[in-house]
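These notes concern the structure reproduced below.
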Amino acid sequence: MHALIVGAGIVGLSTALQLTERGWTVTVLDRGAIPNPTASSFDHHRLIRHHYPDRPVYARRIPEAFSAWERLWGVLGERHYVETGVFALSRADGDWTDRCRPMMEELAVAHEILDPVVISARLPFVNAAGVRYALFTPEGGALMAEAILDGLVRLLTARGAELRPDTPVAAIDGEGGAVVTAAGERLAADRVIVAAGVGAARLAFPGKPELVPYRTTVLYADPPEDLASFWEGAPSWVDLGTDEELWGMPPVAGLSLKLGAGERSRGGDPDHERGTLPADVSGVRAAYGGRFHGIERFTVRSAPTNFWTMAPEERFVLLRDGRAVFVSACSGHGFKFGALTGEDVAAAVDGGDFDALAQRLAGHEP
């Protein structure tokens, strides 16, 4: 069996690898380079964490996601994960972090509750004023995204997969099991899998929900020399107890620390708004004002802007039309589930219970 996969991000490449494990031959198309530095999946690293208070489907699938990554390391022969641990701060009863605790207890996720005195000792870079406690998990940290994508490409190439960069797709023919490229070339296979990331919003597919491209900027920054020791062995974070969705990672693998601010994301055009604006940088920095000691003295080394897609209710999408399958597994949560999503999509394509897998990916209870 031959699969034609549109999109060489984490879902497309993971699905391709899983299909080769099942004996399929694969061809992967991407509108840019492979890996594509403008893809939603592309960055130095991405955060994986257990903290999910209001999305129980994500919380319940995170242990499965860790297991899927372990299986992938075994196949790759490489381990591209730096475990830092992850913390979140609670400032009020019933806030985001406080709502995480019942889910962790239900799922028996190993965690610690750190009081303000312990926070000051173990997280000296945090301004603990007004903080009730920190919810810390020893499991979680940095998935080294760029290295993972590179490793998948190398392994797929070694297995004889055909990788076709710079091949944008203009149309999908589900009934015929084919795609038409922007250059007018028609390519056919036993199955077509559309995993085009942010580009999926442009492609017509029956039943596809509205997918909204979102634009976000992160900062890679270094603390001043007098505060550098505070960050040695520091954990990642996913919430600082504010109205802003603040998340990030400490310095790992020779990289500067990473500052993210989810509330600063906005809708945008991925074809024309790739450049980073001074307001993007100042906005993220301002969001951290008073949260980390000395943030105003941090030196910003780079500020990449990335696009991703938001689906209704933040649910992952798996659809089929004839011999074509459409998958959108992002909504800001896609990379951490990338290896697991690849397993699920490959199973759905290779004779599995498609409807059950689609419900599973979308997070509906069985």
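Reported to two decimal places, what Rg/Rh ratio describes segment 279-366 when computed on Cα atoms with Rh from the Kirkwood expression?
Numbers: Rg = 19.0 Å, Rh = 15.9 Å.
Reported Rg/Rh, Kirkwood definition of Rh: 1.20.
Kindly sort 50, 293 by accessible area of their heavy atoms, largest first, with the probe set to 1.4 Å.
Values: 50 10, 293 75 Å².
Listed by decreasing accessible area, they come as 293, 50.
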Between the alpha-carbon centers of segment 318-366 and segment 254-309, tell me the distance in whole angstrom. 31
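Only sites in a loop by DSSP and with at most 15 other Cβ atoms within 10 Å count here; which trypsin sites (Lys or Arg not before Pro) in segment 248-352 make the cut?
Numbers: sites: 258, 264, 266, 274, 285, 291, 297, 301, 315, 320, 323, 336; in loops: 274, 291, 315, 323.
In loop regions of segment 248-352 (DSSP not H, G, I, E or B), the sparsely surrounded trypsin sites (Lys or Arg not before Pro) are 274.
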Using a probe radius of 1.4 Å on heavy atoms only, what accessible surface per residue do you get for segment 254-331? Whole Å² is fine. 44
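Could you pull out the trypsin sites (Lys or Arg not before Pro) across segment 150-239 that fall in loop regions by DSSP (anything but H, G, I, E, B) with no more than 15 other Cβ atoms inside 10 Å?
On the way: sites: 154, 159, 186, 191, 202, 215; in loops: 159.
Those satisfying the criteria are 159.
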Can you say what percent of the DSSP beta bridges in the chain, counting only those with both residues inside, are antiparallel? Round to 5. 70
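Express the C-alpha Rg of segment 182-291 as a ratio against the empirical globular expectation 2.2 N^0.38 Å, rounded to two decimals. Mind showing how you got there, number by number?
Numbers: Rg = 19.3 Å, N = 110, 2.2 N^0.38 = 13.1 Å.
Rounded to two decimals, the normalised Rg is 1.47.
With all protein chains present and a 1.4 Å probe, how do 242, 97 order by accessible area, largest first? Each step should come with its number before you reach the end.
Working: 242 35, 97 0 Å².
Ranking 242, 97 by accessible area, largest first, yields 242, 97.
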Based on DSSP loop calls and a cut-off of at most 13 other Cβ atoms within 10 Å, the longest stretch of the chain free of exposed GluC sites (Glu not before Pro) is what? 1-174
Using just the helices of the chain, give the 222 nm mean residue ellipticity in deg cm²/dmol: DSSP H runs with n ≥ 4 each add -39,500 (n - 2.57), and the total is spread over all residues, rounded to 500. -8000 deg cm²/dmol
Computed over the chain, Cα set: Rg, Dmax in Å: 20.6, 65
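The values are calculated or read from the model by the stated rules, or taken from the named source; none is laboratory data. Everything numeric here is computed off the predicted structure, so don't read it as measured data. FYI the Cβ positions are ideal-geometry reconstructions off the backbone, even for glycines, and counts take in every protein chain you see. Accessible surface is based on the protein model in full, side chains and every heavy atom, while ligands, DNA and RNA are left aside. Shrake-Rupley method; radii C 1.70, N 1.55, O 1.52, S 1.80 Å.
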